[in-house]
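Chemist: Attaching a single structure in structure tokens format; questions to follow.
The values are calculated or read from the model by the stated rules, or taken from the named source; none is laboratory data. This is a predicted model, so every value here is computed, not measured. When we count neighbours, we look across all protein chains shown, and the Cβ atoms used for this are built from the backbone with ideal geometry, even at glycine.
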Ligand code: TTP
Ligand code: MN
Ligand code: MN
Ligand code: MN
């Protein structure tokens, strides 16, 4: 097909779960700018604005053509006046003044820097900014009380900002599988998150664990973590049981009650299959370069601080891993929920509510009219319950 768009084209849905969004984004120029505006809205705790820019960016990612003139946007939903102005400016000048100004903005830069630390959210980053802190060095030198999570985040910062490669993710999946099989030989360990959507690099490794005989998975997470800790594989861990209520405070629209563990894994480099340990092929490596230019990284080696010794020659890499354990009857829902993208999940839930009067979560689908839960053994069945065409993981990169 040609690069041009015509009025005969099928309409684009405002719901990400009715669009096919691959990693082949033809509109990077625009989506990169919109992403920065979305991020800044998040830093200003303006959720509505954040969502508006995120939606605009997402819809451009789904287009099978590159936008070259404003007419190409005829009939495309989810584009507000502000987003259109940004696109127009980029079409005319090659960049957007507002965005260019923002990336030079001290508050934006500082909040981006601080929130890139594991365990630091917008509220904390903003507090530190208002207290006059600007760099990681100043943060470390200050007497500010850090949580255990933030301490670990700072200690392994240099490693954690380097994107995780597919080869590393695969090694960790195998290592975790081996650990899991010590306790439950028939358990399944599935790679989810961005890697399941086909990304070649990511910020962490998301693993979903289940077992066919429901109930057998109980207590598994503690056993596995304890065993891996004894093996020296765990740099930091934070286990959440279904018993405690921690999830209530985290992102309400994403919360679930599964037993899970956010951890920092110590991956021996010789455990990774050949070639691409220090390379990453896509845009994420740009983010790291950008991060380094902004002074986010590059501080190791020059730092006298205790935890900041130069670590360039070490034979391991710290990697963020999310482990989630789902009972078998909820597995399909957990898999769908943990595969993402976040916007895709958000729109699945929004679609279910508005068009089907159903409540979708990572545990279940509840039909509010029939007053019953709808069972599903596969993701395909969940899409069918919702009356949606099945979208494979590779096309959920909304
Ligand atoms: P992420 O790992 O945050 O994102 P990602 O894997 O898509 O991208 P990246 O490469 O940056 O890692 O989340 C993966 C999915 O997990 C996402 O769809 C939301 C879901 N999720 C939950 O359902 N509950 C949670 O508590 C968290 C942290 C994530
Ligand atoms: Mn992930
Ligand atoms: Mn994750
Ligand atoms: Mn230091």
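Chemist: For region 192-215, name all the residues that are touching a helix residue (DSSP H, G or I) at 6+ places or on another chain (Cβ under 6 Å) and either over 16 Å from residue 324 (Cβ atoms) or in a helix (DSSP H, G or I) (or both).
Modeler: Those that are touching a helix residue (DSSP H, G or I) at 6+ places or on another chain (Cβ under 6 Å) and either over 16 Å from residue 324 (Cβ atoms) or in a helix (DSSP H, G or I) (or both): 195, 196, 197, 198, 200, 201, 212.
Chemist: Moving to a separate point now. Show me the helices (runs of 4 or more DSSP H) found entirely inside region 18-115 where at least 3 residues are within 26 Å of residue 199 (Cα to Cα).
Modeler: 28-43, 47-62, 106-115
Chemist: Say whether the condition of being outside the structural domain of residue 40 (by TED's automatic domain parsing) and touching a strand residue (DSSP E or B) at 6+ places or on another chain (Cβ under 7 Å) is met by at least one residue in region 109-126.
Modeler: First, pick out the residues of region 109-126 that are outside the structural domain of residue 40 (by TED's automatic domain parsing): 109-126.
From what's left, touching a strand residue (DSSP E or B) at 6+ places or on another chain (Cβ under 7 Å): 118.
There is at least one residue in region 109-126 that is outside the structural domain of residue 40 (by TED's automatic domain parsing) and touching a strand residue (DSSP E or B) at 6+ places or on another chain (Cβ under 7 Å).
Chemist: I'd like to verify a number: residues in region 163-191 that are free of Cβ contacts under 8 Å to residues at least 40 places away in the same chain and more than 24 Å from the chain's Cα centre (by Cα), how many?
Modeler: Summing the residues that are free of Cβ contacts under 8 Å to residues at least 40 places away in the same chain and more than 24 Å from the chain's Cα centre (by Cα) in region 163-191 gives 6.
Chemist: Now for a different question. Could you tell me which residue of region 116-133 is surrounded by the fewest Cβ atoms within 10 Å (Cβ to Cβ), considering only residues that are part of a loop (DSSP other than H, G, I, E, B) and more than 23 Å from the chain's Cα centre (by Cα)? I'd like the intermediate steps shown before the answer.
Modeler: Looking only at region 116-133, we keep the residues that are part of a loop (DSSP other than H, G, I, E, B), and these are 116-121, 131-133.
So of that shortlist, the ones also more than 23 Å from the chain's Cα centre (by Cα) come out as 131-133.
Numbers: 131: 11, 132: 8, 133: 20.
Among residues in region 116-133 that are part of a loop (DSSP other than H, G, I, E, B) and more than 23 Å from the chain's Cα centre (by Cα), the one surrounded by the fewest Cβ atoms within 10 Å (Cβ to Cβ) is 132.
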